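Everything below concerns the one structure shown next.
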Amino acid sequence: MSTPTTTGTTTKQEDLRSRMPNPLPYVPELAEVGEGLHKVLRNGAISPTTISLLQLRAGQILGSTYFTIRETNNLRGIGESEERITAVATWHDATYFTDAERVALALVEAVLTPNPSGERVPDELYAKASAHYDDKAMWTLIMAIAHIGFFAPAALIAKPIPGMPPGQNYSEQEGHTA
C-alpha cells in the first residue's frame, strides 16, 4: 500500500487508499444484508437526524474516522448545525440535544462501552428509552446500533476511504487474491 502524499499536514483526498478492495466482488451477499439494514433505518420510526447522531457517537467511540466523517457529512447534509455536530462528543453536558436524542446517545454508549460493574444496558436506561420510543422505534434504534456493529469490522480493518460515497470508498488493490 502506498503512503499518501501530504501538503503541509493534510493528506489529499485523492491520495487516500483503503487497505482492502471493495468487498462486493468477494462477498456479494453483503449488499443484500446492508440494504436490509438500511431499509430498517429508513422506516420512518426514528428521524434520520437521531440515527446519524447515534452513529456519529458510535464512530467516535470505535475510533473510526470513516464513520465519524460519514455521519458528520450526513448531519451537515440534513442541515444540522456545527455546534450540534461538534457537541456529540460531549453530549452528556451539552445543551443541544432533546431528551429523546440523549437517550439514543446513551444507548449507543451503553452498548459499545464495557461496564465492569454491571449490565451495559440497565433497566433504568431501558425505561428512559421506552418512555421516548415505542416498540417499532426501539427496534429501529437497536438496528441503527447493529448497523454500526455490523459494519465496524470493515471500517476498522479494511479502512474504506473517509468522505467517499459508498461504492467509491475502496481503492483498487493489486496482489489481493481470494
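Legend: calculated FRET efficiency, R120 to L30, from the Cβ-Cβ distance at R0 = 25 Å, rounded to 0.05, equals 0.40.
What GluC sites (Glu not before Pro) in region 110-178 are in a loop by DSSP, with at most 11 other Cβ atoms within 10 Å of the Cβ? Mind dumping the intermediate values first?
On the way: sites: E119, E124, E172, E174; in loops: E119, E172, E174.
Taking region 110-178 and a limit of 11 other Cβ atoms within 10 Å, the loop GluC sites (Glu not before Pro) found are E119, E172, E174.
Here the Karplus relation 6.51 cos²θ - 1.76 cosθ + 1.60, evaluated at θ = phi - 60°, turns the backbone of region 21-27 into coupling constants of x, 3, x, 4, x, 8, 9 Hz, with x for every Gly and Pro. Karplus-based coupling profile of region 132-144, in residue order and whole Hz: 9, 10, 6, 4, 5, 5, 4, 5, 5, 4, 4, 6, 5, with θ = phi - 60° in 6.51 cos²θ - 1.76 cosθ + 1.60 and x standing for Gly or Pro. Both radii are taken from the alpha-carbon atoms of the chain; with Rh as the Kirkwood radius, Rg/Rh is 1.00.
Carbon and sulfur: what percent of region 119-168's accessible surface (1.4 Å probe)? Please report the intermediate quantities before stating the final value.
Details: 1800 of 2900 Å².
C and S atoms contribute 62 percent here.
Given a 1.4 Å probe and the protein chains as shown, D15 ends up with an accessible area of around 40 Å².
How many angstrom lie between the C-alpha centres of region 126-146 and region 47-107? If we compute the Cα centre of each part, the gap is 16 Å.
Sorting the Cα pairs of region 94-156 by distance into bins of 5 Å, from 0 upward, gives 4, 16, 25, 24, 18, 10, 3 percent per bin. Using the rule -39500 (n - 2.57) for each DSSP H run of four or more residues, divided by the residues of the chain, the 222 nm mean residue ellipticity is -16000 deg cm²/dmol. Solvent exposure of region 88-134, expressed per residue, is 60 Å² of accessible area, with all protein chains present and a 1.4 angstrom probe.
Going by average Cβ neighbours within 10 Å, how do the peptides 94-106, 54-66, 136-148, 157-169 rank, with the highest at the top? Don't jump to the answer; show the numbers that get you there.
Numbers: 94-106: 17.1, 54-66: 21.2, 136-148: 19.3, 157-169: 15.2.
The peptides rank, most packed first, as 54-66, 136-148, 94-106, 157-169.
The values are calculated or read from the model by the stated rules, or taken from the named source; none is laboratory data. Since we're looking at a predicted model, the values are computed, not measured. Cβ sites come from the backbone with ideal geometry, for glycine too, and all protein chains shown count toward neighbours. When the accessible area is computed, the model is the full protein with side chains, heavy atoms only, and any ligands, DNA or RNA have been set aside. Shrake-Rupley method; radii C 1.70, N 1.55, O 1.52, S 1.80 Å.
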